[in-house]
Amino acid sequence: MIKFKPAYKSVRAQQPNDLTFIFAGADILVNEDRVPSVEDTVSLLTEAGLDPESDGMFFGSIEELNCYAYDLPETFVSEEWEISAGDSFGVNQFVLLRRWVGEFEKNINTAAGYASHLLHWHKHSRFCGRCGTENNWYEKERAKRCPSCGNMQYPKISPAIIIMIQKDNKILLGHNRRFPEGRYSLLAGFMEIGETIEETAVREVREEVGIEIGNLRYISSQSWPFPDSLMLGLRADYVSGEITPDGIEIVHADWYSPETFPSIPGHGTIARKIIDEYTKTYKS
Ligand SMILES: [Zn+2]
């Protein structure tokens, strides 16, 4: 199986068949379920005012092919490459990476997520947070260093929990205000300073739906680069309380079994993976 290997410095020059991960905002350029090569995109990049070689951010390799990330200028419009088609997955189109996560071959998913996270961090770490001088890339690892005060800056990763709560043999699914209409998922929330993973889970569940949980267990994790999260998947048992959505994030929540599931997140998300594992062991 092919494997994406992250790296911060290439040992060779760019070649025509290397891979280009080109973003226009949150959309990534694809040719069906593949990312195009330097050869395929040199005219697009040039048209956008970018130099394929010097403007490509090297970030690793897939087999012998180098991977480069590009951020197109927000004002760029191309006739040849359809920008923000969004709802299809065709030839030479930009698609919303978040929506299509899981649809690419797995290593392409990982690499595309890595590129998206890296570009986001790059844009948000231009200046030193301590003295305001423009940062330089650091030579020895994936980091930036302030040439004035020496302050180091590393890619920001924001951990969040996602939790499946079980009561009898049903699980809690909630509709978040930000979800598409009719979509339900497991509860999730960001960690705060000083918290353990378990404390975050208990607090988030209490805040969002007003119930108490116990018997927390870790399941698995997933990098979620939209823009910079790490999702920590947990499960827990219901202890007490009535479901009372906070109305701010969660507008409706209830207990569901696979027979009554509403629309749930797509494949490729940790939420779906956890829900599918529950479904496999479910007995009505
Ligand atoms: Zn500084």
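All of the numbers you see were taken from the coordinates with simple rules; none came from a lab. The model shown is predicted, which means the values in this text are computed figures rather than measured ones. For neighbour counting, all protein chains shown are included, and Cβ atoms are generated from backbone atoms with ideal geometry for every residue, glycine included.
Label-to-label distance, residue 267 versus residue 217, with points set 7 angstrom from Cα along the beta-carbon direction: 2.6 nm. Placing pseudo-labels 7 Å out from each Cα toward the beta carbon at residue 130 and residue 156 gives an inter-label distance of 1.8 nm. For the pair residue 226 and residue 168, a Förster radius of 30 Å applied to the C-beta separation gives a FRET efficiency near 0.35, rounded to the nearest 0.05.
Express in whole angstrom the spacing between the alpha-carbon centres of region 96-121 and region 30-69. Measuring centre to centre over Cα atoms gives 14 Å. Rounded to the nearest 20, the size of the Cβ-charge dipole of region 174-284 about its Cα centre is 500 debye, with Lys and Arg at +1 and Asp and Glu at -1.
Take every Cα pair under 8 Å whose residues are at least 6 apart in sequence, average their separation, divide by the length of region 85-230, and the relative contact order is 18 percent.
With kT/(6 pi eta Rh) evaluated at 25 °C and eta = 0.890 mPa s, and Rh the Kirkwood radius from Cα pairs, region 4-123 diffuses with a coefficient of 175 µm²/s according to Stokes-Einstein.
Strictly greater than 23 Å: what percent of every Cα pair in the chain meets that? Percent of Cα pairs beyond 23 Å in the chain: 60.
When +1 charges are put on Lys and Arg Cβ atoms and -1 charges on Asp and Glu Cβ atoms, the dipole computed for the chain relative to its Cα centre reaches about 980 debye. Evaluated on region 158-281, the Kirkwood hydrodynamic radius is 14.4 Å, with distances taken between all distinct Cα atoms.
The charge dipole of region 88-177, taken about its Cα centre with unit charges on the Cβ of Lys, Arg, Asp and Glu (plus for the first two, minus for the last two), comes to roughly 280 debye. Computed extension length for residue 277-residue 14: 90.5 nm, one decimal, from 0.36 nm per residue of separation with the Cα-Cα distance subtracted.
Of 228, 18, how do they rank once you tally other Cβ atoms within 10 Å and put the fewest first? Before the final figure, lay out each step's value.
On the way: 228 18, 18 22.
Neighbour counts put them in this order, fewest first: 228, 18.
Under the rule of -39500 (n - 2.57) per DSSP H run of 4 or more residues, summed and divided by the residues of the chain, what mean residue ellipticity at 222 nm is obtained, to the nearest 500 deg cm²/dmol?
-6000 deg cm²/dmol
Across the options 214, 68, 150, the greatest Cα extent toward the positive end of the charge dipole of the chain (unit charges at beta carbon of Lys, Arg, Asp, Glu) belongs to 214.
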